[in-house]
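Structure first, commentary second.
The values are calculated or read from the model by the stated rules, or taken from the named source; none is laboratory data. In this text, all values refer to a predicted model and were calculated from it rather than measured experimentally. When we count neighbours, we look across all protein chains shown, and the Cβ atoms used for this are built from the backbone with ideal geometry, even at glycine.
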Amino acid sequence: ATLHAHGITDIQTSAQAAEALRPIAGPFAFAVFAVGIIGTGLLALPVLAGSSAYALGEMFGWHVGLARKPRKAKAFYVAIAVATLVGVALNFSPIDPIKALFWSAVINGLVAVPIMATMMHLSSHRAAMGDFKLYAGLKIMGWVATLVMAAAAVGLFATWGG
């Protein structure tokens, strides 16, 4: 919103994204952008690597958990290491980070709709949730959020290509 308000609507590079912060951050725009990107990476990489390792471990029946010693959960820790190395390697690839962020957000928004619908369906049934079944207020808010996401996905496809 801040960028659009200042007429910046087409950002293709990280340098342009940093420059776009100049109205807010002044001469420190590049430093603020760099700290933000580095901080985001330091926060995201361990979470993504760990969650990927947990997902793989559950799928393949491995021993998982950071409370386990590496020798007791070798595959789990190897998955964390591989995911971390892939994340680091992406920095040295020709993949445009701005486009990657854009497309990952688009894919995330599209994939979220069926996941949210499934979660809402399951969380509304006592057989699946027991005493933790959603009450009416949360159920309404959840379905409204799901419908908003679905409308955004429909809007994306309706306007695709101009």
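Couple of notes before you dig in:
- Where Lys74 falls short, out of the listed (1) at pLDDT 95 or above; (2) charged (D, E, K, R); (3) loosely packed, with under 12 Cβ neighbours inside 10 Å: (3)
- Residue in the range 56-63 that is assigned to a helix (DSSP H, G or I), free of Cβ contacts under 8 Å to residues at least 12 places away in the same chain and not β-branched (Val, Ile, Thr) present: yes
- With respect to being surrounded by fewer than 15 Cβ atoms within 10 Å (Cβ to Cβ), in contact (Cβ under 8 Å) with a residue 40 or more places away in the chain and either assigned to a helix (DSSP H, G or I) or touching a Phe, Trp or Tyr at 6+ places or on another chain (Cβ under 7 Å) (or both), Val82 falls outside the description.
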